[in-house]
Amino acid sequence: MSHTAGNLVLHLIFSTKDRRPLITPEIRTDLFAYLGGIIREMRGTALIINGTADHVHMLIRFSTKFPSAPRSWPLSPGRYNQPVCPPRTPPSPPKPPMSPSSDSKCTSSF
């Protein structure tokens, strides 16, 4: 009787849009845990997940006996196609100081 074994190891790199430094130390741990949870759902093993402010490296192992191997990952609908972090909106610029209106009772002169 013959036996076959398969071991699929992938090195994936994800980048933020325009390589902006959006992965701050405050969210890094939660982001890596979230990505690890997705890999576990897919019956894979995250060997290491690490990265910098603008990209993430993942070394992942999948057994070839599971149909949820990553060959179907990019095509599957649902949350795998969604951004991991919502885009951040820049803070609004400060409002200019109020100028005195024409009906102001300010009578100072220079």
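Scanning the range 44-66 for residues that are more than 17 Å from Gly6 (Cα to Cα) and touching a Leu at 6+ places or on another chain (Cβ under 6 Å) yields Ile48, Ile49, Met58. Within the range 40-54, being outside any strand (DSSP E or B) and more than 17 Å from Glu26 (Cβ to Cβ) holds for Arg40, Glu41, Met42, Arg43.
If the condition is being surrounded by 10 or more Cβ atoms within 10 Å (Cβ to Cβ), of a type outside the set (A, V, I, L, M, F, W, C) and under 18 Å from Ser63 (Cα atoms), then the range 7-37 contributes His11, Gly36, Gly37. Of all residues assigned to the range 62-78, at least one qualifies as being on the phi > 0 side of the Ramachandran plot, part of a loop (DSSP other than H, G, I, E, B) and at pLDDT below 65.
The values are calculated or read from the model by the stated rules, or taken from the named source; none is laboratory data. Please read all numbers here as calculations on a predicted model, not as lab measurements. Note that each Cβ is placed from the backbone with ideal geometry, even for glycine, and that neighbours are counted across all protein chains shown.
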